[in-house]
């Protein structure tokens, strides 16, 4: 996780800001049910009157109250100009002549006064069936009307003020939500971009051994699908994982402070959700791991089929490959269906829990309301808060289903970033020996592929000097390509040493080493773009004269000149719009344009006809007069003119020398020569 956190760290300020804004949004959302409750209980039921007890009584109501409750004489005093709030109260109660105003009273006195008011109202209104709460409110409304208060205007003013406050809170919540979306999206997108770049950069440093471990298809999946999963999880966690606990905690506090005696309903709903969440996690977690591996498999099959399409068509195995793809696709589908079915089962149960909790609250709350222990608005607020709590746990449960998949992706991406390439630059590097410029030396080299039981190369010793052409020939699988791949350090020797310009390649930076080498691999690779961009691959600012010269030597100028765009002719992905021979010649021209002191041609003339091959080799001698040239070839005609020919047989040097020397001394070389050319052709060289 630490390796992932390193790329997340620059975006922490945005995430922290988003979390703070989530807190603001949660506060706003938790405040709205309170206003809804107040509008119902005060704005509608109490006609906008917020007083729990009448602040002022007309003389008639005061007399009736004192008659039943003599202590009221101490709680209400005549309203006179000496009263500290005379100016305000006289405006609020226009008909205040002879009225009595409420003094400061204790909670116990307030409770006694409310009961007295209830009894007075019952006697005078004859409505003993009403609860104490509505009785007091009705009494207050009757008294205030007698004092000249416009109840309808008061009610409308209260509702409008409450609505404006709610609109303000909603606007704050909306602004916070917009900013949360921006911050989380910026952090998530930037983080995934940096992480994707890191994975790609890491993959570029891998040796063939690491590519064998991960596979190209898996690396593509990890840098796309897996990072996308992590990005979505980061964005969702910022908005949901942070929001849900805040809403849950705030909702629980509100539920407990409502004093409705229904907290157990919320606890029951939360308990059922947690139980379901635990069961779902135990079922889906293993499936998410399998799902990502199946995506790797599907990508691998797709890549193989699309890359090998010409071969598949040539052998008429389309149906077989369709079945292979269908099998991988079906396995992925079945796993995805299982997960989706599990989640589909979750939603109805969650709906039942949500609606069941609401129904239970209404049923229990109705009893409390009928007993006068709860107001309608309080019950509505309780339903909202209970819904917030249950929804918050529902969100957490949904995230708990998605989180395992993201955690699997985090592990897979971390595996790539933590993987160490077997080919690494040394801490201290040596300098090239100018006296040995362009020299390649193999000193008792042994090599075995990682994990292999047997060596591929045994005790290889030779020197390739500048100005000389060193050819390597032998049967298929004898280790020719492996040998030349040790020079640019695609692999490290397991015994002996390979030296370039007098320095062991393991003591050089890879960039410095490969800067000395112009390589044409066995499989010619072109990149989408133009002929110019491919030839100038090592240096985009390369002069056109240099490109033209390299194309002439590689015998590519002829077909380049036939194109109207010349060097600017387009090249499709993988060189699909040029022939095999043209592709090979462009690859040779690309290496020659680098003008390196060492050239390696790994079976790079196989797609050329004999005439083109001969012309190219003749031009190559002049072009590489000051460079060491190593050629891996299958054809005797390609190597006959080499200054030194190395014959490999099962990873060992069976012979070394010129063509004439090997024809006399090396049986393996003679067998290869006579299998390809007649004695007259060999004699005419």
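Just checking, how many residues over region 497-527 are surrounded by fewer than 20 Cβ atoms within 10 Å (Cβ to Cβ) and touching a strand residue (DSSP E or B) at 6+ places or on another chain (Cβ under 6 Å)?
Residues flagged as surrounded by fewer than 20 Cβ atoms within 10 Å (Cβ to Cβ) and touching a strand residue (DSSP E or B) at 6+ places or on another chain (Cβ under 6 Å) within region 497-527 amount to 4.
So that you can scan it fast, the table gives a plain yes or no per residue for (1) in contact (Cβ under 8 Å) with a residue 40 or more places away in the chain; (2) more than 30 Å from residue 51 (Cβ to Cβ); (3) out of contact with any helix residue (DSSP H, G or I) (no Cβ under 6 Å at 6 or more places or on another chain):
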{"site": "136", "(1), (2), (3)": "yes, no, no"}
{"site": "142", "(1), (2), (3)": "yes, no, yes"}
{"site": "146", "(1), (2), (3)": "yes, no, yes"}
{"site": "154", "(1), (2), (3)": "yes, no, yes"}
{"site": "174", "(1), (2), (3)": "no, yes, yes"}
{"site": "179", "(1), (2), (3)": "yes, yes, no"}
{"site": "187", "(1), (2), (3)": "yes, yes, no"}
{"site": "190", "(1), (2), (3)": "yes, yes, no"}
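Does residue 444 meet the test of being in a strand (DSSP E or B), at positive phi and touching a residue at least 12 places away in the same chain (Cβ under 8 Å)?
Details: in a strand (DSSP E or B): yes; at positive phi: yes; touching a residue at least 12 places away in the same chain (Cβ under 8 Å): yes.
Taking the combined requirement at face value, the residue satisfies it.
Looking only at helices (runs of 4 or more DSSP H) that fall completely inside region 1-87, which ones have 3 or more residues that are in contact with a helix residue (DSSP H, G or I) (Cβ under 7 Å, 6 or more places away or on another chain) and farther than 28 Å from residue 144 by Cβ?
Details: elements: 2-8, 12-38, 59-68, 72-75.
By residue number, 2-8, 12-38.
Pick from region 472-496 the residues that are out of contact with any helix residue (DSSP H, G or I) (no Cβ under 6 Å at 6 or more places or on another chain) and assigned to a strand (DSSP E or B): which of them is nearest to residue 516 (Cα to Cα)?
496
Give me a count of the residues in region 450-464 that are touching a strand residue (DSSP E or B) at 6+ places or on another chain (Cβ under 8 Å) and either farther than 18 Å from residue 659 by Cβ or modelled with pLDDT under 90 (or both). Before the answer, list the steps.
Filtering region 450-464 for residues touching a strand residue (DSSP E or B) at 6+ places or on another chain (Cβ under 8 Å) gives 455-464.
Imposing the further condition that a residue be either farther than 18 Å from residue 659 by Cβ or modelled with pLDDT under 90 (or both) reduces the set to 455-461, 463.
Number of matching residues: 8.
Give 89, 68 a once-over and let me know the one that is surrounded by fewer than 18 Cβ atoms within 10 Å (Cβ to Cβ) and within 25 Å of residue 122 (Cα to Cα). Spell out the reasoning first.
Values: 89 fails: within 25 Å of residue 122 (Cα to Cα).
Answer to the check: 68.
Identify all residues within region 237-289 that are without any contact (Cβ under 8 Å) to a residue 40 or more places away in the chain and surrounded by 15 or more Cβ atoms within 10 Å (Cβ to Cβ); write none if there are none.
The first filter runs over region 237-289 and keeps only residues without any contact (Cβ under 8 Å) to a residue 40 or more places away in the chain, leaving 249, 253, 256-257, 259, 263-264, 267, 271, 275, 278-279, 282, 286.
Hit for region 237-289 is 263, nothing else.
In region 585-595, is there at least one residue being farther than 22 Å from residue 676 by Cβ, assigned by TED's automatic domain parsing to the domain that holds residue 462, under 43 Å from the mean Cα position of the chain (by Cα) and free of Cβ contacts under 8 Å to residues at least 40 places away in the same chain?
yes
Going residue by residue through region 411-433, is there one that turns out to be part of a helix (DSSP H, G or I) and more than 30 Å from residue 233 (Cβ to Cβ)? Spell out how you get there, then give the answer.
Residues of region 411-433 part of a helix (DSSP H, G or I): 411-418.
Among the residues that remain, those that are also more than 30 Å from residue 233 (Cβ to Cβ) are: none.
Within region 411-433, not a single residue is part of a helix (DSSP H, G or I) and more than 30 Å from residue 233 (Cβ to Cβ).
How many residues are surrounded by fewer than 17 Cβ atoms within 10 Å (Cβ to Cβ) and closer than 20 Å to residue 517 by Cα when one looks only at region 538-547? Working first, answer last.
Residues of region 538-547 that are surrounded by fewer than 17 Cβ atoms within 10 Å (Cβ to Cβ), as a first pass: 538-541, 543-546.
From what is left, the residues that are closer than 20 Å to residue 517 by Cα are 538-541, 543, 546.
The total comes to 6.
Determine if region 559-574 includes at least one residue that is buried (at least 22 other Cβ atoms within 10 Å of the Cβ), part of a helix (DSSP H, G or I) and touching a residue at least 12 places away in the same chain (Cβ under 8 Å).
Yes, region 559-574 contains a residue that is buried (at least 22 other Cβ atoms within 10 Å of the Cβ), part of a helix (DSSP H, G or I) and touching a residue at least 12 places away in the same chain (Cβ under 8 Å).
Could you look through region 302-331, keep only residues that are under 26 Å from the mean Cα position of the chain (by Cα) and modelled with pLDDT of 85 or more, and pick out the one that is surrounded by the fewest Cβ atoms within 10 Å (Cβ to Cβ)?
330
Within region 26-33, is there a residue that is at negative phi, free of Cβ contacts under 8 Å to residues at least 12 places away in the same chain and outside the structural domain of residue 137 (by TED's automatic domain parsing)? Break it down into steps so the answer makes sense when it comes.
Taking region 26-33 and keeping what is at negative phi, we get 26-33.
Within this subset, residues satisfying the condition of being free of Cβ contacts under 8 Å to residues at least 12 places away in the same chain are none.
Within region 26-33 (the criterion being at negative phi, free of Cβ contacts under 8 Å to residues at least 12 places away in the same chain and outside the structural domain of residue 137 (by TED's automatic domain parsing)), the answer is no, since none of the residues qualifies.
Just one of 396, 389, 342 is touching a helix residue (DSSP H, G or I) at 6+ places or on another chain (Cβ under 6 Å) and either within 29 Å of residue 8 (Cα to Cα) or outside any helix (DSSP H, G or I) (or both); which is it? Give the derivation first.
Values: 389 fails: either within 29 Å of residue 8 (Cα to Cα) or outside any helix (DSSP H, G or I) (or both); 342 fails: either within 29 Å of residue 8 (Cα to Cα) or outside any helix (DSSP H, G or I) (or both).
Answer to the check: 396.
Residues of region 591-607 being in contact with a helix residue (DSSP H, G or I) (Cβ under 9 Å, 6 or more places away or on another chain) and over 18 Å from residue 481 (Cβ atoms), which ones? Before the answer, list the steps.
Residues of region 591-607 that are in contact with a helix residue (DSSP H, G or I) (Cβ under 9 Å, 6 or more places away or on another chain), as a first pass: 591-596, 599-607.
Hits for region 591-607 are 592, 593, 594, 595, 596.
The values are calculated or read from the model by the stated rules, or taken from the named source; none is laboratory data. For clarity, every value in this text was computed on a predicted model and none was experimentally measured. Ideal geometry is used to build each Cβ from the backbone, glycine not excepted, and the neighbour counts take in all protein chains shown.
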